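The block underneath contains the structure these notes are about, expressed in C-alpha cells.
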Amino acid sequence: MDLLSNRGTNVFLNRLTPIALWAKLPAYHPWEQCCTFNSRIIMHNKGYRFGFLLVCFLVMACSVWPAHAQSFKLASSPPIGNGAFWMIAQDINGDGKADFVALNFTSPGILLVVTNNGDGSGNFTDGVTVTVGPNPECVVAADVNGDLRMDLITANGTTNTVSVVTNRGNGLFGTATNFTVGSGPRSVVAADFGRGVVDLVSANYNDASLTLLTNNGAGVFGSNDLYNLTGSPQSIIAGDVNGDSKLDLIVAVQKLHRGDRADQQG
C-alpha cells in the first residue's frame, strides 16, 4: 500500500518511507471474484448500527434489506442484470434518499442508475442507463461543477481515460466527457484536496502510477500530473491520515507487500 500525504497545492512527492502497514493483495483482477458471484447485495440501514454494506452473493438482482437492530429483512430486489460487479450508494436525484449506481459486465460502457422511490420501503424505480467510456472498472459520484448535484465519474481501463457525466437533475444526465490519464486505470477518487473544488486522481495499473486531474471549477479537468508508485495500483481512496485537515491518498498496490509513505509538498 502506498500513502501520499497532502501538504497543499496538489503536489505529491513519493518519499517511499516505510510505514507499519503490510498488505498482500491477490494476484487476480479486483473484480474477478465478484464476477463469479454475478451481483452485489445492498443492505439498507434504518438508523440502528449499520452503514451501507456491499457484499458479493449468488443472485441476479440487487437485494435490499432494511436493518432492524442487528437483523436484516429482505425488502426488495430491483433488477440490475446478470454480471453486476460494482455499485455505489448516493443521493443522485437530490431527494435526500440514497439511490444506487451499478456497473455490469454484460453492458460495457453503460451505468445503471436506480433511484429510491422515497417512501422508506426500500423499493426502487426501474434503472436509467447512462453511457460512459468503454469498459469502466469503477464508478464514483461527486459534485464536480458546483451545482449541488452528484455527477458520475468512471475509470475506463482499456482506453486510458476517465469519463465525467454531469447530472442535469430530474433523472437526466449529460454526455460523457473523457479525460486522458495513465495506462490501465482501475480506480478513481474524487475529492477536494484543498483548492475548494473537486479534483480527480486515477490509479493506473499498467504503468504503476497516479494521474491527478485538476478541475477548473466547471467540471472540466486538465493538468494531468503523473506520480509513480511502488507497484501496480488496484484501488485508491482519500482521507486525512495525519490530522492536518488535508486529504491524503491511500493506494492499494499489487506486487508489493509493504506499506510506503509519500508526502505532498507545495
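The values are calculated or read from the model by the stated rules, or taken from the named source; none is laboratory data. Remember, it's a predicted structure, so these values are computed and weren't measured experimentally. Glycine gets a Cβ as well: all are built from the backbone with ideal geometry, and neighbour counts include every protein chain shown. Heavy atoms of the whole protein, side chains included, go into the accessibility calculation; ligands, DNA and RNA do not. Shrake-Rupley method; radii C 1.70, N 1.55, O 1.52, S 1.80 Å.
Some observations on this one:
- Residue count, segment 110-119 (criterion: more than 11 Å from residue 165 (Cβ to Cβ) and either in contact (Cβ under 8 Å) with a residue 40 or more places away in the chain or outside any loop (DSSP other than H, G, I, E, B) (or both)): 5
- Residue within segment 57-64 that is within 21 Å of residue 141 (Cβ to Cβ), crowded, with 19+ Cβ neighbours inside 10 Å and at pLDDT 75 or above present: no
- Qualifying residue in segment 195-204 (condition: of a type in the set (A, V, I, L, M), part of a loop (DSSP other than H, G, I, E, B) and at pLDDT below 95): no
- Here residue 101 does not qualify as touching a strand residue (DSSP E or B) at 6+ places or on another chain (Cβ under 6 Å), hydrophobic (A, V, I, L, M, F, W, C), open to solvent by less than 20 Å² (accessible area, probe 1.4 Å) and farther than 26 Å from residue 249 by Cβ.
- Applying the set (1) among the small types (Gly, Ala, Ser); (2) modelled with pLDDT under 90; (3) open to solvent by less than 50 Å² (accessible area, probe 1.4 Å) to residue 77 leaves exactly one unmet item: (3).
- Selected residue (criterion: most open to solvent (accessible area, probe 1.4 Å)) from residues of segment 110-156 that are among the small types (Gly, Ala, Ser) and either under 15 Å from residue 87 (Cα atoms) or in contact with a helix residue (DSSP H, G or I) (Cβ under 6 Å, 6 or more places away or on another chain) (or both): 127
- Test: residue 234 is open to solvent by less than 30 Å² (accessible area, probe 1.4 Å), modelled with pLDDT under 95 and more than 20 Å from residue 140 (Cβ to Cβ): no
- Within segment 218-231, tally of residues that are open to solvent by 20 Å² or more (accessible area, probe 1.4 Å) and among the small types (Gly, Ala, Ser): 3
- Selection of segment 162-217 for residues being polar (S, T, N, Q), more than 25 Å from residue 85 (Cα to Cα) and crowded, with 21+ Cβ neighbours inside 10 Å yields only 215.
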